[in-house]
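J.: For reference, the structure I am asking about is given below.
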Amino acid sequence: MAFAPLICIVDFHHARGPEVEQWFGLEEGSADPSVENDWSNLPFMALSDGAHASTEDYSYFTLRRAETPKHPASSLFGISCTRQLDASKLIDRPAEVTRSTVQKAVVVVSDSPQYFGAIKAQLGVVTAAWFAQRDFTDVEILQRFSESLPTLLKNQEGEADHYFGISLREMIHEFKWQTLMLFFGSHCERLCMMQFALISLIPGLIRHLQDAADPKFNSCETNLVMPTSLKTSQRSSLITYMGLPLQLFGKGSLFGPYTPLQQLDLLADQDTKSYIVGSTNSLLLQQRDRYSDILINLDEQTVNITSTSLQHALVLSTPDRRWIDFLTQTVHDTWDESNPSRPKDHGYAGSEEFIRMQFEEYLLAMLSAVKFKAYQEKNKDKEKIITEHEGDPAGEFSNNYIHAWMQTENFRIWNKFTDSHLFDIVEPRHPCSGGLSIEDVQRRLAHSQHHYLRANSRVPHRQIEHLQLDERLQNSREAIGKQLAVGQKKVSSAFDSLWAQMEAVREAQQKRQEENRLAKESEPNSPGISASQHAQANTQTTSTRAGAYLSSWGAWASEKKKGWQAGRSASGTPLQSPALPAEPSPGDIKRAEEFKKDNDGFVDLENPLSSARTAPAEVQGEGRRESVFFDAEKDVERSKEAET
């Protein structure tokens, strides 16, 4: 049976304190819900500590709905709008009003917080209008609001997820990589909004908080069924198949966006194993070691982790730092002071939807990596296992964190109702996996700086800021990048110059050879020369040209070496390089002969290549030759004249 939303008025009586004055939306003949369900703390939840310091404030809280023959026990959710009015402005001031101000709250109780965004907008307008009447006995406007509320909620059904809470952009902009962590703040609305924004990062969790009001509730696990089908084209099907939303608030867990001091006994109960709660009372800070493992102070924007085991588990891995740094930088680059809730360019990057998609991708990859880790451990002794994913992908999400999560009830439920091969659906790989870089070192230094400041509060933060680590690391990174670029340019220029000179020599050689060939073809052949002699002459010419080419290479390299040595001697730096071989190796000669044999079909035994690979004595001894290749052509002509 669906729960019909209720409205009530909570008044702060000068003698009795906060109390419920009147209910709206009850069926005729129904009992007082606060009595029937034991909501003795409802007035204290609706009128938060410190609400008198604000003209308007909101409070969010959870209530336990008692079991009846018509419905099981479940969680309900309340939102209140608190305002105050100068007692002297009342049209008809009652005698019981003895204080200078009148403080009241209008409360809406619903079975889901999913549409609190729409409810808050209407609640704020209605409460302001009721106070503007200056006559609290006239409650017609509240009666009409109660009658219209079911229609308002019905119109919201079937719509896309309605997220409410503080802007995710503001949360990341303020807390940066500390985002994933309890809550204290003097401003109740911001305190509650931060918590709702945090849990909304887990896809679908806002719609599955039926066990959040009491640590004894466990209906979610009781009714949970493992999905047996998947439509990858549907995002909702994929999220369900992957085991989302993670059931953070099941048996032993509690969610109380605003928790008054009257509920501290529930936090200390032995059945309460974990919770996310918020408080505006500074007395909680004095007992933080008793009531919290992690305390997030929104007024001071600090995160205090008192649990030693959690300190190790919550240390971010290198890919984690890289991922949250990317997200933070994207928000920073699109930040608009006049409207922090949206990017200054009104684009997708840095928007609320962009942030949610990044967290969704991260969670899916982590869940897949954990399943792959379990698969590896289970099949480590088998020969044939899936090896397409290298190493342990779960380690990229911090082994300490993964190990700590695997000890929780939340993990047990998720692992029980999900397929063992989720890594076949989503790749088990961190969104920012990769090797270590200079940016990673900078993140580690910033992380260490933060922990040092937190561990040693006697050192002023401004003193550490004077180190200017970010600026120095940025300068060093730019200097290293410039030097690498200059070095690369110099090496590239040297190789380009060397190659250009070699190409120039080769082109000159080819040009001279072509000119000589054309000149020889124009001359008539001598009648006295036989075909075999002509072929032998061609073979010798080819051998001589090959030797000339190698000899020219050696001479060119020798000249370059002398030039380099002279340059280095002038600068006072000696240069040593291996000497070039004066003669070709036997292996080179043999390969050349085999190559010639394959192409010509015979070998010139009288003039082997060993004689052609070495320049003639007169060429070697001549010190003023203009071109090695030109002299090699002269040697060929002289050898022809000698044969004729």
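J.: Looking only at the range 340-358, which residues are acidic (D, E) and surrounded by 13 or more Cβ atoms within 10 Å (Cβ to Cβ)?
T.: Within the range 340-358, just E352 meets the criteria.
J.: Looking for whichever is over 21 Å from P203 (Cβ atoms), among the acidic types (D, E) and outside any strand (DSSP E or B) here; the options are D381, D320. Which one fits?
T.: Testing whether each residue is over 21 Å from P203 (Cβ atoms), among the acidic types (D, E) and outside any strand (DSSP E or B) leaves just D381.
J.: Say whether the condition of being crowded, with 20+ Cβ neighbours inside 10 Å, within 16 Å of E170 (Cβ to Cβ) and within 21 Å of the chain's Cα centre (by Cα) is met by at least one residue in the range 384-397.
T.: So far as the range 384-397 goes, no, none of its residues is crowded, with 20+ Cβ neighbours inside 10 Å, within 16 Å of E170 (Cβ to Cβ) and within 21 Å of the chain's Cα centre (by Cα).
Here is a yes/no grid of residues against (1) part of a helix (DSSP H, G or I); (2) surrounded by 15 or more Cβ atoms within 10 Å (Cβ to Cβ):
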| position | (1), (2) |
| --- | --- |
| I9 | no, yes |
| F12 | no, yes |
| Q22 | no, no |
| E27 | no, no |
| A31 | no, no |
| V35 | yes, no |
| S40 | no, no |
| M45 | yes, yes |
| S48 | no, yes |
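J.: Counting only residues that are in a loop (DSSP other than H, G, I, E, B) and open to solvent by 40 Å² or more (accessible area, probe 1.4 Å), how many does the range 50-65 have? Let's see the steps before the verdict.
T.: Step one: list which residues in the range 50-65 are in a loop (DSSP other than H, G, I, E, B), which gives 50, 54-55.
Okay, now just the ones that are also open to solvent by 40 Å² or more (accessible area, probe 1.4 Å), so 55.
Matching residues across the range 50-65 total 1.
J.: Please pick out the residue among T82, T101, T68 that is among the β-branched types (V, I, T) and either loosely packed, with under 12 Cβ neighbours inside 10 Å or at pLDDT below 85 (or both).
T.: Selected residue: T68, the only one of T82, T101, T68 that is among the β-branched types (V, I, T) and either loosely packed, with under 12 Cβ neighbours inside 10 Å or at pLDDT below 85 (or both).
J.: Name the residue that is least open to solvent (accessible area, probe 1.4 Å), counting only residues in the range 143-182 that are among the aliphatic types (A, V, I, L, M), at pLDDT below 60 and more than 15 Å from E353 (Cβ to Cβ).
T.: L182
J.: For the list (1) within 20 Å of R190 (Cα to Cα); (2) assigned to a loop (DSSP other than H, G, I, E, B), I need the number of the one condition that L285 fails.
T.: Unmet for L285, out of (1) within 20 Å of R190 (Cα to Cα); (2) assigned to a loop (DSSP other than H, G, I, E, B): (2).
J.: May I pose another question? Out of D265, D336, D269, D325, report the one residue that is modelled with pLDDT of 85 or more and either among the hydrophobic types (A, V, I, L, M, F, W, C) or under 18 Å from the mean Cα position of the chain (by Cα) (or both).
T.: Checking each option against the conditions leaves just D325.
J.: What number goes with the only condition from (1) in a loop (DSSP other than H, G, I, E, B); (2) under 30 Å from K416 (Cα atoms) that I355 does not pass?
T.: Failed condition: (1).
J.: Restricting to the range 215-243, give me the number of residues that are open to solvent by 10 Å² or more (accessible area, probe 1.4 Å), more than 30 Å from L284 (Cα to Cα) and not in a helix (DSSP H, G or I).
T.: 12
J.: Okay, moving on. Please enumerate the residues belonging to the range 91-124 that are among the hydroxyl-bearing types (S, T, Y), in a loop (DSSP other than H, G, I, E, B) and closer than 18 Å to S59 by Cβ. First the steps, then the outcome.
T.: Kept after step one, since they are among the hydroxyl-bearing types (S, T, Y), are these residues of the range 91-124: 98, 100-101, 110, 112, 115.
Filter again for in a loop (DSSP other than H, G, I, E, B), leaving 98, 100, 112, 115.
Passing the criteria: S112, Y115.
J.: Determine which member of the set T259, T272 is more than 21 Å from G78 (Cα to Cα), touching a strand residue (DSSP E or B) at 6+ places or on another chain (Cβ under 7 Å) and either in a loop (DSSP other than H, G, I, E, B) or open to solvent by 40 Å² or more (accessible area, probe 1.4 Å) (or both). Even if it seems obvious, please write down each step before you answer.
T.: Values: T259 fails: more than 21 Å from G78 (Cα to Cα).
One residue alone meets the criteria, T272.
J.: Of these, L201, L205, which one is in contact with a Lys or Arg (Cβ under 8 Å, 6 or more places away or on another chain), surrounded by fewer than 22 Cβ atoms within 10 Å (Cβ to Cβ) and of a type in the set (A, V, I, L, M)? Walk me through it before giving the result.
T.: Numbers: L205 fails: in contact with a Lys or Arg (Cβ under 8 Å, 6 or more places away or on another chain).
Exactly one residue qualifies, and that residue is L201.
J.: If you take the residues of the range 323-339 that are assigned to a loop (DSSP other than H, G, I, E, B) and of a type outside the set (D, E), which of them is most open to solvent (accessible area, probe 1.4 Å)?
T.: S338
J.: While we're here: Can you tell me which residue among V126, V106 is touching a Ser or Thr at 6+ places or on another chain (Cβ under 7 Å), closer than 18 Å to A46 by Cα and modelled with pLDDT of 95 or more?
T.: Numbers: V126 fails: touching a Ser or Thr at 6+ places or on another chain (Cβ under 7 Å).
Going through V126, V106 in turn, just one is touching a Ser or Thr at 6+ places or on another chain (Cβ under 7 Å), closer than 18 Å to A46 by Cα and modelled with pLDDT of 95 or more: V106.
J.: Residue pairs, Cβ under 6 Å, 6 or more apart or interchain, first in the range 246-263 and over 17 Å from Q195 (Cα atoms), second among the basic types (K, R). List them.
T.: Close Cβ pairs satisfying both conditions: G252/K273.
The values are calculated or read from the model by the stated rules, or taken from the named source; none is laboratory data. Since the structure is predicted, the reported quantities are computational estimates derived from the model, not experimental observations. Ideal geometry is used to build each Cβ from the backbone, glycine not excepted, and the neighbour counts take in all protein chains shown. The area values use the complete protein model at the heavy-atom level, side chains included, leaving out ligands, DNA and RNA. Shrake-Rupley method; radii C 1.70, N 1.55, O 1.52, S 1.80 Å.
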